[in-house]
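These notes concern the structure reproduced below.
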Amino acid sequence: MRRHLLSVDDVSREDIERILGRAESFAEVSGREIKKVPTLRGRTVINLFYEASTRTSSSFELAAKRLSADLVSVKSSGSSVEKGESLKDTVQTLSAYDPAAIVIRSPHAGAAALVARWTPASVINAGDGKHEHPTQALLDLYTLRRRVGSLEGLSVWIVGDVLHSRVARSGILAFTRMGCDVTVCGPPTLIPRGIESLGCEVRYTLDGLGEADVVYALRMQHERMKGNFVPSLREYAAQYQIDGRRLGAAQLLMHPGPVNRGVELSAEVIDSPQALITEQVESGVVVRMAVLYELLAGRGAPAAVPAPDETIAPQPA
Ligand code: NCD
């Protein structure tokens, strides 16, 4: 396993298996009344979020706290610190605290890789523009595996705004690595050219959706759209919305959140027993604990310093 988690390409299938297994063991800790283990005591984790986040930021915070790390959360509205020098300055400033890890979310593709060049800390990409979101992919694998057991040979359809979706890119890489057959589907304007090279098939209509074991719907990423990619949300919904008519009784439904209710998903499917959306959120904490553990535990751990009471205690004869 490498020092950073910037892309799903940083983890082999073996790494993924180990991380998911570790997450299982942390799930046991999450079931306790006191949900804490001392693994990262005395280590510092910095969350640096330059873009809106509810699930990813809160689950990384909980993950660091449940591993007993010291946590600093830095948020920016994204206006003053946009790129280049100022991100570099911020990272170098925060690196003065000697953090073990920096978790970074940025609206710019490639930002996490830049941060990794500017700090000695391990860097975790929590979403960089439309590029990648590897921990989302890992938590999706974990959630799905818990529900169905083996992922080998499953047909996963990723439906919607693939063009602007880091979740889709990381998801295609991760699902295929675990032996799933991945199809992406959406209007031609929202499917990036050459996406097949990641190992997926492309469809422009939902006609074949019946073959999917898992329907993974994506949010329409309004904030990344400059111009008109679809005639209207109503027309988009008419052709691509996953609703009770289109989702078969044996198919599972996933979505990274936040959901645009009534656009990519209808209310009935969001609240159906086939939806894994809440489980995905729940999995976020244990999978991010496992990622922090994987990158930090045993790596550069500080040499044992005697606790204050030990320094004054008389040595045993
Ligand atoms: C995703 C994101 O921010 O990339 N959300 C998340 O992390 N759960 C997907 C999205 O915003 O649509």
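The values are calculated or read from the model by the stated rules, or taken from the named source; none is laboratory data. The structure presented is a predicted model; accordingly, all values stated were derived computationally and were not measured. When we count neighbours, we look across all protein chains shown, and the Cβ atoms used for this are built from the backbone with ideal geometry, even at glycine. When the accessible area is computed, the model is the full protein with side chains, heavy atoms only, and any ligands, DNA or RNA have been set aside. Shrake-Rupley method; radii C 1.70, N 1.55, O 1.52, S 1.80 Å.
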*Do we find a residue being modelled with pLDDT of 95 or more, of a type in the set (Ser, Thr, Tyr), out of contact with any Lys or Arg (no Cβ under 9 Å at 6 or more places or on another chain) and within 16 Å of the ligand (Cβ to nearest atom) anywhere in region 62-84?*
no
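Enumerate the helices (runs of 4 or more DSSP H) found wholly within region 1-110, keeping only those where 1 or more residues are under 19 Å from residue 134 (Cα atoms) and open to solvent by 10 Å² or more (accessible area, probe 1.4 Å).
Numbers: elements: 13-30, 55-66, 85-95.
Where helices (runs of 4 or more DSSP H) fall fully within region 1-110 and carry at least 1 residues being under 19 Å from residue 134 (Cα atoms) and open to solvent by 10 Å² or more (accessible area, probe 1.4 Å), they are 13-30, 55-66.
Could you go through region 37-59 and let me know if any residue there is more than 16 Å from the ligand (Cβ to nearest atom), over 27 Å from residue 75 (Cβ atoms) and not polar (S, T, N, Q). Spell out the reasoning first.
Residues of region 37-59 that are more than 16 Å from the ligand (Cβ to nearest atom), as a first pass: 37-46.
Imposing the further condition that a residue be over 27 Å from residue 75 (Cβ atoms) reduces the set to 38.
Adding the requirement that they be not polar (S, T, N, Q) leaves 38.
Yes: one or more hits.
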Filtering region 114-131 for residues that are open to solvent by 10 Å² or more (accessible area, probe 1.4 Å) and either among the aromatic types (Phe, Trp, Tyr) or under 16 Å from the mean Cα position of the chain (by Cα) (or both) leaves a count of 3
Exception for residue 274 within (1) open to solvent by 50 Å² or more (accessible area, probe 1.4 Å); (2) more than 16 Å from residue 181 (Cβ to Cβ); (3) modelled with pLDDT of 95 or more falls at (1)
The number of residues in region 115-139 that are more than 10 Å from the ligand (Cβ to nearest atom) and farther than 20 Å from residue 191 by Cβ is 13
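For (1) away from the ligand (no atom under 16 Å from the Cβ); (2) more than 23 Å from residue 137 (Cβ to Cβ); (3) modelled with pLDDT of 95 or more, each residue gets a yes or a no:
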position: 178; (1), (2), (3): yes, no, yes
position: 190; (1), (2), (3): no, no, yes
position: 195; (1), (2), (3): yes, no, yes
position: 205; (1), (2), (3): yes, yes, yes
position: 217; (1), (2), (3): no, no, yes
position: 240; (1), (2), (3): no, no, yes
position: 248; (1), (2), (3): yes, yes, yes
position: 251; (1), (2), (3): yes, no, yes
Within region 144-162, restricting to residues that are part of a helix (DSSP H, G or I) and of a type in the set (A, V, I, L, M), the one that is most open to solvent (accessible area, probe 1.4 Å) is 148
* Evaluate region 112-130: report whether one residue or more is more than 15 Å from residue 47 (Cβ to Cβ) and free of Cβ contacts under 8 Å to residues at least 24 places away in the same chain. => yes
